[in-house]
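The structure under discussion appears below in the form of structure tokens.
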Amino acid sequence: MTAPWLTIVGIGEDGLDGLSPAARSAIATAEIVFGGTRHLALAHAAISGDARPWLSPFSASVDAIIAEKGRAVCVLASGDPFRYGVGATLSRHVDPAQMRTFPHSSAFSLAAARLGWPLQDVVSLSLHGRPVDLIRPHLHSASRILALTSDEHGPAALAALLTEAGFGRSIITVMEALGGPREQVRSQMAEFFALGDIDPLNLCAVTVVPLPGARILPLAPGIEDDLFEHDGQITKRDIRALTLSALAPRPRETLWDIGAGSGSVGIEWMLAGPSLRTIAIEPHGERAARILRNAGRFGVPDLRVVTGKAPEALAGLEPPHAIFVGGGGSEPGVMEAALAALRPGGRLVANAVTLEMEHTLMTLYARHGGALTRVAVSHAEPIGTMKGWRPAMPITQWRWTKP
């Protein structure tokens with residue numbers, strides 16, 4: 001077996017003092033050392049080869065590393081390279097047998113050690129270079145969250161989000177330059193956050209405290225309609241819960257939400273797991289913009305919106321593992337295009353309110369099989385001084401799995 005040509009060394013704010021002899025030797029014997037400016041400065045005394053700072057965009061650095069295959073190359077990374085680090089990126093391009101890694105303690109480990117928080121009970125996420133909205137699904141009473149931020153402005157942005165969402169009494173502990181001589185740990189309540197002179201290298205520890213009316217997102221499907229911004233074009237919560245059950249989300253799958261309306265189904269699909277993706281197809285520009293706003297407020301800002309009318313707007317999109325047709329399914333060519341695009345083993349769920357769409361689904365059921373279900377939901381509402389059942393419009397749902 002060929003010896004590994006690439007070595008990844010995790011380095012902390014304690015610099016060379018925190019590295020093992022083997023890690024220091026890997027740096028010293030490398031012909032080329034890649035890393036951020038801060039990393040290269042921390043390891044400067046051990047570097048004898050060519051020191052190369054990261055390029056912009058970062059993908060250019062990945063290409064530069066791959067181009068040096070066969071030479072002794074060392075990459076410096078923050079803490080644990082495989083915890084939201086460069087190791088995860090490089091492993092998609094380099095055979096693991098061709099690289100070796102010397103991990104350092106991650107910022108998450110250092111923060112948990114300072115706070116006495118068992119890591120298995122803590123939510124750990126990276127907001128570095130990513131929307132702060134990603135924290136929203138994790139905001140539950142008494143939750144503990146460790147969040148890497150992008151820079152010195154990250155803690156204030158996080159405090160503002162917590163306050164706006166009804167979690168202003170949450171405690172934010174800003175942990176700066178952990179493990180090094182500049183280490184500093186300070187805490188404030190989110191709604192009164194006023195810390196200044198924050199080190200750009202920081203992690204925030206959040207103890208979540210909700211106020212009455214806080215925007216807490218439940219774990220089960222069927223979120224209250226009122227939490228979504230909508231104009232009436234929304235799959236109502238009872239039907240939405242049944243629809244998501246039929247769609248049966250699984251890790252790393254992509255959903256097409258055709259005729260997405262408010263985006264509620266696609267948003268709840270993504271809330272089922274961090275690796276799930278949604279492409280929402282919506283012909284009306286105002287609704288498409290509303291979907292994006294809803295996605296941000298539900299902590300799934302990576303939801304993709306395609307403004308256009310099916311079937312034309314479906315061309316060139318990533319083939320889906322599941323499709324939901326909530327609107328426009330009776331238009332010529334829409335269902336045919338959806339069935340053709342679906343991956344083998346994928347699930348298609350379509351809901352009908354109109355007679356025209358119901359006829360379309362009955363025809364598809366007769367032709368392809370699957371399951372056809374009629375759902376009627378009634379809610380108790382006042383009738384004068386008493387109460388009675390007021391029915392919602394019945395839904396016909398067709399479920400089909402592609403052979």
For region 341-368, what are the residues that are surrounded by 12 or more Cβ atoms within 10 Å (Cβ to Cβ) and either small (Gly, Ala, Ser) or closer than 19 Å to Ala248 by Cα (or both)? Ala341, Leu342, Arg343, Gly346, Arg347, Leu348, Val349, Ala350, Asn351, Ala352
Say whether the condition of being without any contact (Cβ under 8 Å) to a residue 60 or more places away in the chain, buried (at least 20 other Cβ atoms within 10 Å of the Cβ) and assigned by TED's automatic domain parsing to the domain that holds Arg252 is met by at least one residue in region 320-333. no
Asp121 - would you say it is in contact with a Pro (Cβ under 6 Å, 6 or more places away or on another chain) and of a type in the set (D, E, K, R)? no
Restricting attention to region 327-338, does a residue exist that is assigned to a strand (DSSP E or B), touching a Leu at 6+ places or on another chain (Cβ under 9 Å) and among the aliphatic types (A, V, I, L, M)? no
Name the residue, out of Asp63, Asp80, that is of a type in the set (D, E, K, R), free of Cβ contacts under 8 Å to residues at least 24 places away in the same chain and either in a helix (DSSP H, G or I) or closer than 28 Å to Leu110 by Cα (or both). Asp63
Assigned to a helix (DSSP H, G or I), farther than 25 Å from Leu42 by Cβ, aliphatic (A, V, I, L, M) and out of contact with any helix residue (DSSP H, G or I) (no Cβ under 7 Å at 6 or more places or on another chain): which single residue out of Ala97, Ala88, Ala194, Ala113 fits that description? Ala97
What number goes with the only condition from (1) surrounded by fewer than 19 Cβ atoms within 10 Å (Cβ to Cβ); (2) modelled with pLDDT under 95; (3) within 20 Å of the chain's Cα centre (by Cα) that Tyr84 does not pass? (1)
Kindly indicate the residue of region 236-278 that is assigned to a loop (DSSP other than H, G, I, E, B) and basic (Lys, Arg) and also surrounded by the fewest Cβ atoms within 10 Å (Cβ to Cβ) among those meeting that condition. Arg252
Between a first residue in region 1-16 that is farther than 15 Å from Ser78 by Cβ and a second residue that is part of a loop (DSSP other than H, G, I, E, B) and aliphatic (A, V, I, L, M), which pairs have beta carbons less than 6 Å apart while being 6 or more apart in sequence or on different chains? Leu6/Val94
Give me the pairs, please: first residue somewhere in region 115-128 and within 8 Å of Leu148 (Cβ to Cβ), second residue anywhere and among the aromatic types (Phe, Trp, Tyr) and buried (at least 17 other Cβ atoms within 10 Å of the Cβ), beta-carbon distance under 6 Å, and either six or more positions apart or on two chains. Ser126/Tyr84
Among the residues that make up region 31-50, is at least one of them surrounded by fewer than 17 Cβ atoms within 10 Å (Cβ to Cβ), in contact with a Phe, Trp or Tyr (Cβ under 9 Å, 6 or more places away or on another chain) and in a helix (DSSP H, G or I)? yes
Select from region 378-403 the residues that are among the aliphatic types (A, V, I, L, M) and over 33 Å from the mean Cα position of the chain (by Cα) and write down the one among them that is surrounded by the most Cβ atoms within 10 Å (Cβ to Cβ). Ala392
Hits in region 69-79 - residues which are of a type outside the set (Lys, Arg) and surrounded by fewer than 20 Cβ atoms within 10 Å (Cβ to Cβ): Gly70, Ala72
Would you pick out the residues in region 321-366 that are under 21 Å from Glu282 (Cβ atoms) and among the aromatic types (Phe, Trp, Tyr)? Phe324
Among the residues of region 194-235, how many are surrounded by fewer than 16 Cβ atoms within 10 Å (Cβ to Cβ) and either closer than 21 Å to Thr354 by Cβ or touching a Cys at 6+ places or on another chain (Cβ under 8 Å) (or both)? 2
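The values are calculated or read from the model by the stated rules, or taken from the named source; none is laboratory data. Bear in mind that the values here come from a model prediction, so they are computed numbers and not experimental data. Heads up, the Cβs are rebuilt from the backbone with ideal geometry, glycines too, and the neighbour counts pull from every protein chain shown.
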